[in-house]
1. Any residues in the range A:55-95 that have 50 Å² or more less accessible area with all protein chains than in their chain alone, probe 1.4 Å, and which are they?
2. List the residues of the range B:1-15 for which accessible area in the full set of protein chains is at least 10 Å² lower than for the chain on its own; 1.4 Å probe, protein heavy atoms only.
3. Cβ neighbours within 10 Å, averaged per peptide: list B:153-160, B:5-12 in order, most packed at the top.
4. Tell me, what is the per residue accessible area of the protein assembly as shown in Å², probe radius 1.4 Å?
5. If you put a point 7 Å past Cα along the Cβ direction, how far is that point for A:LYS213 from the same point in each other copy, in nm, smallest first?
6. What's the average, rounded to a whole number, of partner chain beta-carbon atoms within 10 Å of each residue's beta-carbon in B:23-35?
7. Which parts of the range B:64-84 would a label at A:ASP55 reach, counting a residue when its backbone N lies under 14 Å from a point 7 Å out along Cα-to-Cβ?
8. Please compute the alpha carbon radius of gyration of the protein assembly as shown, then divide it by the globular-protein estimate 2.2 N^0.38 Å. Two decimals is fine.
Number of protein chains: 2
Amino acid sequence: MKKFAVVLAGCGVYDGAEIHEATLSMYQIKKQGAEYELFAPDIEQHHVINHLTGDEMKEKRNVMVEAARIARGNLKPLADFNAQNFDAILFPGGFGVAKNLSSFAFDGPDCKVNPDTEKAIKAMHKAGKPIGALCISPVLVAKILGDVELTIGQDKDTAGAVEKMGANHKSTGHGEVVIDAKNNLYTTPCYMLDANIVEIGEGAENIVRAILKTLY
Amino acid sequence: MKKFAVVLAGCGVYDGAEIHEATLSMYQIKKQGAEYELFAPDIEQHHVINHLTGDEMKEKRNVMVEAARIARGNLKPLADFNAQNFDAILFPGGFGVAKNLSSFAFDGPDCKVNPDTEKAIKAMHKAGKPIGALCISPVLVAKILGDVELTIGQDKDTAGAVEKMGANHKSTGHGEVVIDAKNNLYTTPCYMLDANIVEIGEGAENIVRAILKTLY
């Protein structure tokens, strides 16, 4: 049975992992006959957003502790990730990717990537294993690998930023997956478009299918 | 288009709404051609659980503010729920149901139910409209309506507690839905059984289908 590592950036679209993208990715991995383990970096969140108002809250939360809400307690520190134990790695989206796993939300193309995240992506890339990235997560891969082909949907500013980091951006619609065969990289826009939850399900279904196709 | 109200008890299995059950319910409602609005009571959570360790955290969180993470900000106070505007109401599970929407986790059959929750269930029942409850949520209906037929899976203690509240308990396996046609009540066990995420998807799919079947 093929095994995915799924990396969560917290719990909640505005300061963590996008919950629908994370849940529907896990659902599709299992539904398509593979299995998964969940990971998150053991770091403090950049900040905490009240998801009702959009305001910053005067709180501190830990990315791994909050991601454990999506994982029902069953996840590991990303520092313990070992590429040898996995057939693929998948990054759901959410602002946590651009605030916790990297500083893309604040620094754009000049962002820094969380060291555990960078290490995991580099290890999978070096091993020639598939990397999947939903929504805003492709910015991580663009920053680390530079010359790759990917999609972040249709947003011109974000597309411009990933091109500044050396990537080749392809504009996509709901559920479409861009496959960079040379780098074994799979990307799909999800909530980077104005999407509903069924369209998120399509994106998750299609990216997992594309990855599994390359594994068999 | 038929419209569901989905009631969230927070965000996270141990102190709020179970995230997979909530997300996959929303996904199935939309996938099967209906629409939904999300609600949560504007109350403080009973407590906050570190989902990695299971320990209580010295924090205070609001049920509606945390539920907004699952809702991407788009939900309303349960106090504003009006049964006239909806064709069905659905309660995903999670300990939040037994800690925030009621005191069942602490008081068992002698529990109290949150007034907004009680009002919503009574209004839908009075209107003869379908009530769906996943996982532990059927305890709410047992407490409020008493003489109903339902399932909480196979756990003998919980089954005994709902029978003490006047309900007739049916033991069920993964994805099974108990239909109480007289009360227009639909229940399915989900994570009250030792389930994986695909089995949760089956439960959500089947309960939404059963409810929509009665609406057309």
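1. A:ARG61, A:VAL65, A:ARG69, A:ARG72
2. Buried-area filter returns B:CYS11, B:VAL13, B:TYR14.
3. B:5-12, B:153-160
4. About 38 Å² of surface per residue is accessible.
5. Listed shortest first, these distances are 3.5 nm.
6. If you average over the peptide's residues, the count of other-chain Cβ atoms is 4.
7. Taking a point 7 Å out along Cα→Cβ of A:ASP55, the residues of the range B:64-84 whose backbone N falls under 14 Å are B:65.
8. Ratio of Rg to 2.2 N^0.38 Å for the protein assembly as shown: 0.96.
The values are calculated or read from the model by the stated rules, or taken from the named source; none is laboratory data. Treat the numbers as computed from the prediction; the structure is a model and nothing was measured. With ideal geometry, Cβ positions are generated from the backbone for all residues, glycine too; neighbour counts draw on all protein chains shown. What goes into the accessible areas is simple: the full protein's heavy atoms, side chains included, and nothing from ligands, DNA or RNA. Shrake-Rupley method; radii C 1.70, N 1.55, O 1.52, S 1.80 Å.
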